[in-house]
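Peer 1: The structure that follows is given in the form of structure tokens.
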Amino acid sequence: MSLLIKGASLFGQERADLLVVDGTIVEVGTAAASAAPGDVEVLDADGLVALPGLVDLHTHLREPGREDAETVLTGSRAAAVGGYTAVLAMANTNPVTDTAEAALRVWDLGREAGLVDVQPVGAVTKGLAGEELAELGLMARSRAKVRVFSDDGRCVHDARVMRRALEYVKAFGGVVSQHSQEPSLAGPTACCHEGEVSGQLGLPGWPGVAEEVIVARDVMLARHTCSRVHVAHVSTAGSLEVIRWAKAQGIDVTCEVTPHHLLLTTDLLTGYDPVYKVNPPLRPDEDVRALREGLADGTIDAVATDHAPHARHDKEHAFVDAAFGMLGLETALSVVRTVMDDEFDWNDVARVMSRTPAAIAGLEGQGGQLAPGDAAHVTLVDATAQVTVDRAESVSLSRNNPYHERTLTSRVVHTVYGGTVTVRDGALA
């Protein structure tokens, strides 16, 4: 039950050993090796950057209902390979996670897999129908201790229902994560950023304002209710303007950005490749630049993958008929390093991919400081590696990887979850 992580560069700075006993970091520094018992397992981390285990606020694990695309086990494997030690499993499964029993099923499956903390996200409304609140209190009081609620994939578009949800979760410190899409401005067939490209391709437009008006409404509802709202997968410069203003007013709003919205642009749709179909859609260069700036200046709180695996028969259609979504867990850290290398040091990476996500979700033991007393959730990264993505090598069940054949910076080498090495030399241990 003892592990010595030897020679790691903590947050890319000083080199130190970490001694782990019974899942807890007990010693950090030059004295760690001498304090280790004789039967300690040694993990060579020489030349690697040590970060607290990554935390993903937005993961689709598909179980129950679509085990052909992903399961809690296979999604946990993908998460571990990507350096994650905790993921929040979204509620749009079949059946929907809108009861305490459903939340506990996901929670139990995560613990059976034993590779990451799998924390269920509860639905805001029953059946994601947007009409009647789900069992928010029962899910919160269950063993799963659900604290994040979302109808992701659908917007809670009724302002009265959203207000009631914000008022309800306030009682137990919960947060509502909103999929911001006004359906009267961007309906279910909308699949391409509304602009020159959508016009050229003849694809139904998804204008940025359809996101922005919901963000604006929800931050005002959060101010009115004195509750917490989280903006999922923010994708436009206009949304950032609203969020920046709201934070300046002291409104309790947080937001996340996906790796694909930091790197990929709407121009990729010109080939009608359905791997690039995602909701919200890829945006133009000016929005991508604004998102990177918002992440650098702290307006955006977290990077979340929106890992959305799909079976081949759901993606291999004409663009308008294909399913929305992309893989993200295994490549997220590399994408962030690739696009933010000049603006971010490793403390910044830890802030947006570990500490702040853990704080938003209220996850105990995650997002630590790699200090004595912290749970031993550790990600070890080769900062100098150049990795060319091959979708065939993914441990996810699905292959809808938008980074296939792209070369990215940095590679997760080892992942330690609760003192157990789950990934060694880039492969599941």
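The values are calculated or read from the model by the stated rules, or taken from the named source; none is laboratory data. Predicted, not measured: the structure shown is a model, and the values here were computed from it. In this analysis, Cβ positions are derived from the backbone assuming ideal geometry, glycine residues included, and neighbour counts consider all displayed protein chains. Accessible surface is based on the protein model in full, side chains and every heavy atom, while ligands, DNA and RNA are left aside. Shrake-Rupley method; radii C 1.70, N 1.55, O 1.52, S 1.80 Å.
Peer 1: Any residue that is farther than 27 Å from L428 by Cβ, at pLDDT 95 or above, touching a helix residue (DSSP H, G or I) at 6+ places or on another chain (Cβ under 7 Å) and polar (S, T, N, Q) - is there at least one of those in the stretch 102-124?
Peer 2: No, because not a single residue in the stretch 102-124 is farther than 27 Å from L428 by Cβ, at pLDDT 95 or above, touching a helix residue (DSSP H, G or I) at 6+ places or on another chain (Cβ under 7 Å) and polar (S, T, N, Q).
Peer 1: Hey, among the residues in the stretch 42-65 that are without any contact (Cβ under 8 Å) to a residue 40 or more places away in the chain and not in a loop (DSSP other than H, G, I, E, B), which one's least open to solvent (accessible area, probe 1.4 Å)? Break it down into steps so the answer makes sense when it comes.
Peer 2: Here is the first cut: in the stretch 42-65, the ones without any contact (Cβ under 8 Å) to a residue 40 or more places away in the chain are 42, 44, 65.
Then keep just the ones that are not in a loop (DSSP other than H, G, I, E, B); that gives 42, 44.
Values: V42: 84, D44: 102 Å².
Going through the qualifying residues, I end up with V42.
Peer 1: Here is a follow-up. Scan the stretch 9-25 and give yes if some residue there is in contact with a His (Cβ under 8 Å, 6 or more places away or on another chain), open to solvent by 40 Å² or more (accessible area, probe 1.4 Å) and of a type outside the set (K, R), otherwise no. If you could, list the steps in order and put the result at the bottom.
Peer 2: First, pick out the residues of the stretch 9-25 that are in contact with a His (Cβ under 8 Å, 6 or more places away or on another chain): none.
Looking for residues that are in contact with a His (Cβ under 8 Å, 6 or more places away or on another chain), open to solvent by 40 Å² or more (accessible area, probe 1.4 Å) and of a type outside the set (K, R), one finds none in the stretch 9-25, hence no.
Peer 1: Then there is this: So which residues in the stretch 238-263 are surrounded by fewer than 22 Cβ atoms within 10 Å (Cβ to Cβ) and within 18 Å of E194 (Cα to Cα)?
Peer 2: Correct list: G238 only.
Peer 1: Related question: Of the residues G137, G153, which is open to solvent by 10 Å² or more (accessible area, probe 1.4 Å), out of contact with any His (no Cβ under 6 Å at 6 or more places or on another chain) and either part of a strand (DSSP E or B) or not hydrophobic (A, V, I, L, M, F, W, C) (or both)? Step through it out loud before you land on a result.
Peer 2: Values: G137 fails: open to solvent by 10 Å² or more (accessible area, probe 1.4 Å).
Just one listed residue meets the conditions, G153.
Peer 1: On to the next question. Would you say A358 is buried (at least 24 other Cβ atoms within 10 Å of the Cβ), aliphatic (A, V, I, L, M) and in contact with an Asp or Glu (Cβ under 9 Å, 6 or more places away or on another chain)? Write out each step before concluding.
Peer 2: Numbers: buried (at least 24 other Cβ atoms within 10 Å of the Cβ): yes; aliphatic (A, V, I, L, M): yes; in contact with an Asp or Glu (Cβ under 9 Å, 6 or more places away or on another chain): yes.
It is true that A358 is buried (at least 24 other Cβ atoms within 10 Å of the Cβ), aliphatic (A, V, I, L, M) and in contact with an Asp or Glu (Cβ under 9 Å, 6 or more places away or on another chain).
Peer 1: What do you reckon, is R105 over 28 Å from D273 (Cβ atoms), out of contact with any Pro (no Cβ under 8 Å at 6 or more places or on another chain) and open to solvent by 10 Å² or more (accessible area, probe 1.4 Å)? It would help to see each step written out before you state the result.
Peer 2: Numbers: over 28 Å from D273 (Cβ atoms): yes; out of contact with any Pro (no Cβ under 8 Å at 6 or more places or on another chain): no; open to solvent by 10 Å² or more (accessible area, probe 1.4 Å): yes.
No: the conditions fail for R105.
Peer 1: OK, next. Go through the stretch 77-93 and give me each residue that's open to solvent by less than 10 Å² (accessible area, probe 1.4 Å) and either assigned to a helix (DSSP H, G or I) or of a type in the set (V, I, T) (or both).
Peer 2: Answer for the stretch 77-93, where residues must be open to solvent by less than 10 Å² (accessible area, probe 1.4 Å) and either assigned to a helix (DSSP H, G or I) or of a type in the set (V, I, T) (or both): A78, A79, A80, T85, V87.
Peer 1: Counting only residues that are surrounded by fewer than 18 Cβ atoms within 10 Å (Cβ to Cβ) and part of a helix (DSSP H, G or I), how many does the stretch 271-291 have?
Peer 2: Of the residues in the stretch 271-291, 4 are surrounded by fewer than 18 Cβ atoms within 10 Å (Cβ to Cβ) and part of a helix (DSSP H, G or I).
Peer 1: What residue, among those in the stretch 218-234 that are farther than 21 Å from P281 by Cβ and charged (D, E, K, R), is surrounded by the fewest Cβ atoms within 10 Å (Cβ to Cβ)?
Peer 2: Step one: of the stretch 218-234, the residues farther than 21 Å from P281 by Cβ are 219-229.
Add one more test, that the residue is charged (D, E, K, R), and what stays is 223, 228.
Working: R223: 16, R228: 21.
Of everything passing the filter in the stretch 218-234, R223 is surrounded by the fewest Cβ atoms within 10 Å (Cβ to Cβ).
Peer 1: Could I ask something else about it? Mind checking which residues of the stretch 326-351 are touching an Asp or Glu at 6+ places or on another chain (Cβ under 8 Å) and either charged (D, E, K, R) or surrounded by fewer than 24 Cβ atoms within 10 Å (Cβ to Cβ) (or both)? Quick ask: steps written out before the conclusion?
Peer 2: Filtering the stretch 326-351 for residues touching an Asp or Glu at 6+ places or on another chain (Cβ under 8 Å) gives 326, 328-329, 332, 340.
Within the stretch 326-351, just M340 meets the criteria.
Peer 1: Sticking with this structure for a sec: One residue is enough: does the stretch 159-167 have a residue meeting the conditions closer than 13 Å to T254 by Cα, free of Cβ contacts under 8 Å to residues at least 60 places away in the same chain and open to solvent by less than 40 Å² (accessible area, probe 1.4 Å)? Give the derivation first.
Peer 2: At the first step, the residues of the stretch 159-167 found to be closer than 13 Å to T254 by Cα are none.
Looking through the stretch 159-167, none of the residues is closer than 13 Å to T254 by Cα, free of Cβ contacts under 8 Å to residues at least 60 places away in the same chain and open to solvent by less than 40 Å² (accessible area, probe 1.4 Å).
Peer 1: Among (1) farther than 27 Å from G127 by Cα; (2) open to solvent by less than 10 Å² (accessible area, probe 1.4 Å); (3) of a type in the set (V, I, T), there is one condition V197 misses while meeting the rest; what is its number?
Peer 2: Only one criterion is unmet by V197, namely (2).
Peer 1: From the list G250, G187, G238, G173, pick out the single residue that is of a type outside the set (D, E) and part of a helix (DSSP H, G or I).
Peer 2: G238
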